Amino acid sequence: MMYPHRIFNKAISGEPPSNALLAAVGGASASVLMSAYSMSVVFAIAVGALIAAGIHGTYCTTAYLGRSASQKRFRQPIYLDMVRSHVPVMMGFAYITTFCILVVSYLMTSVLGHPFPLTLLAFIWGITVGAIGSSTGDVHYGAEREFQNVEFGSGLNAANSGNIVRKAECGLRNGIDNSWFCAKFGGPVTGLAFGMTVFLSGWITTIFDPSMGANIGWLSIVAGLAIILILILWNRRLEVFARNQYGPYKEDEEVTA
Amino acid sequence: MSAGGSGGGAAEAIPQNKLIAFGAAGGLIAIYLSYFMVQFAGPAFSFIGALGAICAIVWGAAAVRRVANYGLGTGVPSIGMLALGMGVVATIFGLAIGGIAGPVVAFVTAMVIGLVIGALANRIIGMGIPIMEQSMTEIAGAGTLAIVGLSTAMTGTFMFDVILTEVIATGYIALIFIVAGIAILHPFNANLGPDEKQDRTLSTAFEKGAIAMVMAGIVSQFQPVHPLLPQSLSDWPYGMFLSASTASMLSGTHMMWLEQVSCQRKRRNRNEHGTCCP
């Protein structure tokens, strides 16, 4: 509110549905190309990802133009050079995401013999990667980068939510500057969280295979609960340590971001 | 005035009743027209089903706009997903028992589910949004018509046996779910703000509905359901990809095409990819 900025507002629909859209569009196109036109797998996945990236570009454009136009009374300008500079970058990221998800889904259907079809697997992986990106990544780029002007650990007050950092090290800050920051910590952390989720959830049933008996199946559940417990305790210790080191812990200002 | 809407009823240049008529009547008429045109004139006309889906998507986006204007900021994506969730349940139920009346049965079922969910949200959860019941009913109906319309565009029919094998078992229902769901929720989410206008939101809905239609067109390449015309004609309205198979279809005879269709179906049931030679 009343803080005109040059940050790209990519309000498609929240991360999980938007990534699921990417992956499902790419998966459907690739599976059509493979089954109806018998194209090679790599080519089909590449073309599917290309279609998904193009569709993602249209969604990014309508989101930015729509949000900015709807804030006319706050004197928020629509920067057409931002559309030109940001949308191709986001389409590139969308291409990489879709391509990787489709490769994973294709390997699951063809090599691992998963019973689900490619499109459905890609959809599920899209939701998963979007949810993990949203929950892990947002904390490390949204809160840290866009609200550098508030005290560490103070949480995000709803009245403060429009007061983002608008000036960069040099000139006005834009969305690509934020991505540059995220690529250092938020991106790797999101990747680690995604990899750990996939690995640990598969690991417990690989070590304690439920098909080898009911007792071993129960052991896999116990192992899963133990992992969750260890992670909760570890995270709690880490959070308390970080707040003691870097900032005050203000309980009354804890508003979820 | 909050960022999540004006906290009251939305200003409307086009009254909601006209949009209800546009979505419900337009959607159902287009779905039935598509079905009969495919039967009598050829599979190329299945695209009319997607036009019906666009009508339903515009109606759904208008209903989301109306209810979300009461201040559902981050609830807008959820309400769109809810629409398609109700829609999938109602579609499968309606098409399974309805036969030729399938779309109507699915539509009515969806409206009943939506009414119950809206009443639950208002009476039990106590959201206190005056138009909640009506809007949830509308959103559920719009989601169902979008699913049935896109399925009809993909396969050329809404008969449950075909939908089950060609849309649900092949996983394309996931594509329909997300493409139509985002087309319903994205317009208001993208235009959220105090200066949101109905015409801008609805034209975004038209555009996103058209993207859903393009995706239905791509998937329809895969559907050898009505081998009445050669492949080159059936993919005429979409013309997405020219392919080697189109050329081979043109040179082959009609019988070869029929054999390929049955062979492709068998191979797909065995979960194999690749061409099949007769």
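One residue stands out among those in the range B:145-189 that are among the β-branched types (Val, Ile, Thr) and not in a helix (DSSP H, G or I): the one that is nearest to the other protein chains (Cβ to nearest Cβ), which is B:170.
For (1) in the same structural domain as residue B:211 (by TED's automatic domain parsing); (2) over 18 Å from residue B:144 (Cβ atoms); (3) surrounded by 23 or more Cβ atoms within 10 Å (Cβ to Cβ); (4) modelled with pLDDT of 90 or more, each residue gets a yes or a no:
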residue	(1), (2), (3), (4)
B:58	yes, no, yes, yes
B:68	yes, yes, yes, no
B:73	yes, yes, no, no
B:105	yes, no, no, yes
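Does residue B:196 meet the test of being within 11 Å of chain A (Cβ to nearest Cβ), without any contact (Cβ under 8 Å) to a residue 24 or more places away in the chain and not aromatic (Phe, Trp, Tyr)? So residue B:196 fails the test.
For the range A:158-172, the count of residues that are part of a helix (DSSP H, G or I), touching a Leu at 6+ places or on another chain (Cβ under 9 Å), modelled with pLDDT under 80 and not acidic (Asp, Glu) is zero.
If you check residue A:194 against the conditions, is it surrounded by 15 or more Cβ atoms within 10 Å (Cβ to Cβ), hydrophobic (A, V, I, L, M, F, W, C), closer than 30 Å to residue A:91 by Cα and modelled with pLDDT of 85 or more? Judged against the criteria, residue A:194 is a match.
Of all residues being closer than 17 Å to residue B:59 by Cβ and in contact with a Lys or Arg (Cβ under 9 Å, 6 or more places away or on another chain) in the range B:135-165, which is surrounded by the most Cβ atoms within 10 Å (Cβ to Cβ)? Just the residue, please. Looking at the filtered set, the residue picked out is B:138.
Every listed requirement among (1) facing chain B (nearest Cβ under 10 Å); (2) assigned to a loop (DSSP other than H, G, I, E, B); (3) more than 18 Å from the chain's Cα centre (by Cα); (4) within 25 Å of residue A:178 (Cβ to Cβ) is met by residue A:4 save one, (1). Every condition in (1) modelled with pLDDT of 90 or more; (2) at positive phi holds for residue B:128 except the one numbered (1).
In the range B:60-83, which residues are hydrophobic (A, V, I, L, M, F, W, C) and under 12 Å from the mean Cα position of the chain (by Cα)? Matches in the range B:60-83: B:83 only. Taking every residue in the range B:23-35 that is in contact (Cβ under 8 Å) with a residue 24 or more places away in the chain and pairing it with any residue that is aromatic (Phe, Trp, Tyr), at least 6 positions away or on another chain, the pairs with Cβ-Cβ distances below 6 Å are B:23/B:59.
The condition of being in a helix (DSSP H, G or I), more than 12 Å from chain B (Cβ to nearest Cβ) and either at pLDDT 90 or above or in contact with a helix residue (DSSP H, G or I) (Cβ under 8 Å, 6 or more places away or on another chain) (or both) holds for only one of A:89, A:32, A:25, that being A:89. Considering only the range A:35-78, state which residues are under 30 Å from residue B:76 (Cα atoms), hydroxyl-bearing (Ser, Thr, Tyr) and at the interface with chain B (Cβ under 9 Å from one of its Cβ atoms). Across the range A:35-78, the qualifying residues are A:58, A:59, A:62, A:64, A:68, A:70. Please specify each residue of the range B:95-109 satisfying the condition of being closer than 12 Å to residue B:28 by Cβ and either touching a helix residue (DSSP H, G or I) at 6+ places or on another chain (Cβ under 6 Å) or of a type in the set (D, E, K, R) (or both). Once the filter is applied, which keeps residues that are closer than 12 Å to residue B:28 by Cβ and either touching a helix residue (DSSP H, G or I) at 6+ places or on another chain (Cβ under 6 Å) or of a type in the set (D, E, K, R) (or both), the range B:95-109 yields B:102, B:103, B:105, B:106, B:107.
Just one of (1) closer than 19 Å to residue B:205 by Cα; (2) assigned to a loop (DSSP other than H, G, I, E, B) fails for residue A:116. It is (1). For the range B:190-199, name all the residues that are part of a helix (DSSP H, G or I) and surrounded by 18 or more Cβ atoms within 10 Å (Cβ to Cβ). Answer for the range B:190-199, where residues must be part of a helix (DSSP H, G or I) and surrounded by 18 or more Cβ atoms within 10 Å (Cβ to Cβ): B:190, B:198.
Name, by its number, the condition in (1) under 16 Å from the mean Cα position of the chain (by Cα); (2) within 16 Å of residue B:185 (Cα to Cα); (3) without any contact (Cβ under 8 Å) to a residue 60 or more places away in the chain that does not hold for residue A:18. Residue A:18 satisfies every listed condition except (3). Kindly indicate whether any position in the range A:59-70 is surrounded by fewer than 18 Cβ atoms within 10 Å (Cβ to Cβ), assigned to a helix (DSSP H, G or I) and at pLDDT 90 or above. Among the residues of the range A:59-70, at least one is surrounded by fewer than 18 Cβ atoms within 10 Å (Cβ to Cβ), assigned to a helix (DSSP H, G or I) and at pLDDT 90 or above, which makes the answer yes.
The values are calculated or read from the model by the stated rules, or taken from the named source; none is laboratory data. Note that the structure is predicted; figures quoted are calculated from it, not measured. Positions of Cβ are backbone-derived with ideal geometry, glycine not excepted, and every protein chain shown enters the neighbour counts.
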